[in-house]
Each structure stands twice: as C-alpha cells, then as structure tokens.
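In what follows, a single structure is set out as structure tokens and then discussed.
The values are calculated or read from the model by the stated rules, or taken from the named source; none is laboratory data. All values reported here derive from a predicted model rather than from experimental measurement. Ligands, DNA and RNA are stripped out before the accessible areas are found, and what is left, the full protein with its side chains, is counted by its heavy atoms. Shrake-Rupley method; radii C 1.70, N 1.55, O 1.52, S 1.80 Å.
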Amino acid sequence: MSMVARKYQEQKQQQVQTKTRVRRVRMNVTFGEKLIIGFIVACTFLMVSMIVHNYATIYGTNQEVYELEALIAEQVQLNEGLSLQVVELSAPDRILYLASEELGMTLDDNKVKVVNN
C-alpha cells in the first residue's frame, strides 16, 4: 500500500471513531437544585395567591362602599323630605289655625311674652 492510501485509510478510521464516540450526556438535576426550584415555585404560587386574594378583598370592599353610598344618598333624600315637612308643619299660620279652630284656643295679646335672644 502506498502512503497516500494508508493516510486515507487512517483518516477514514478517525472519522468513523469520532462518529461512534459521540454520545449524549444527560445532565442530572441534583437534589439541591430540585429543592431550590421547588422553593421558587412555592414562593411564586404564594405571591400570586396573595395578590389575587388582595384584589378580591378590594373588590368586595368597593362593592360595600358603593352600597353604603347608595344608602346614604337615599337617607339624605328622606331627611330633606322630612325637613321640608317640618318647615311646612311648623308654619305659624298653620299652628294658629289648628289652635283656634281644632283646639278652641284664643289668642290674647296681653298674655303673649316676646323673648329676645
């Protein structure tokens, strides 16, 4: 065999050997890495749960605030109506009419005393 043939054969064997030597090395995850990953996942889940809980609490509180504001507006309207009714019922002409006509009272100017503040 000639020298060129021998070199060609050696190169071919090296190529075959390099092809057969290629193997995949699987990286094993150690227990510590698993522990760290689990801790990170648990912390993330906990934080997301807290955020969702806070948003739900805020939503519920806002609903209560809107309901209370509606009740306050209703009560204010009722109070205004009652105040108007008090003003109408305490008019001096009405009181004088009820006292004289329904109760039979008379107005004696000599017995009236005026009080100044």
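A few comments on the model shown:
- Checking residue 1 against (1) modelled with pLDDT under 95; (2) part of a helix (DSSP H, G or I), the condition it does not meet: (2)
- Scan of segment 23-40 for residues that are under 36 Å from the mean Cα position of the chain (by Cα) and open to solvent by less than 90 Å² (accessible area, probe 1.4 Å), ordered by number: 38
- Among the candidates 48, 65, 87, 114, residue that is in a loop (DSSP other than H, G, I, E, B) and of a type in the set (Val, Ile, Thr): 114
- Selection from segment 47-56 of residues that are open to solvent by less than 100 Å² (accessible area, probe 1.4 Å) and more than 9 Å from the chain's Cα centre (by Cα): 48, 49, 51
- Meets criteria (under 24 Å from the mean Cα position of the chain (by Cα) and open to solvent by 90 Å² or more (accessible area, probe 1.4 Å)) for residue 64: yes
- Criterion (modelled with pLDDT under 90, over 59 Å from the mean Cα position of the chain (by Cα) and part of a loop (DSSP other than H, G, I, E, B)) met by exactly one of 20, 106: 106
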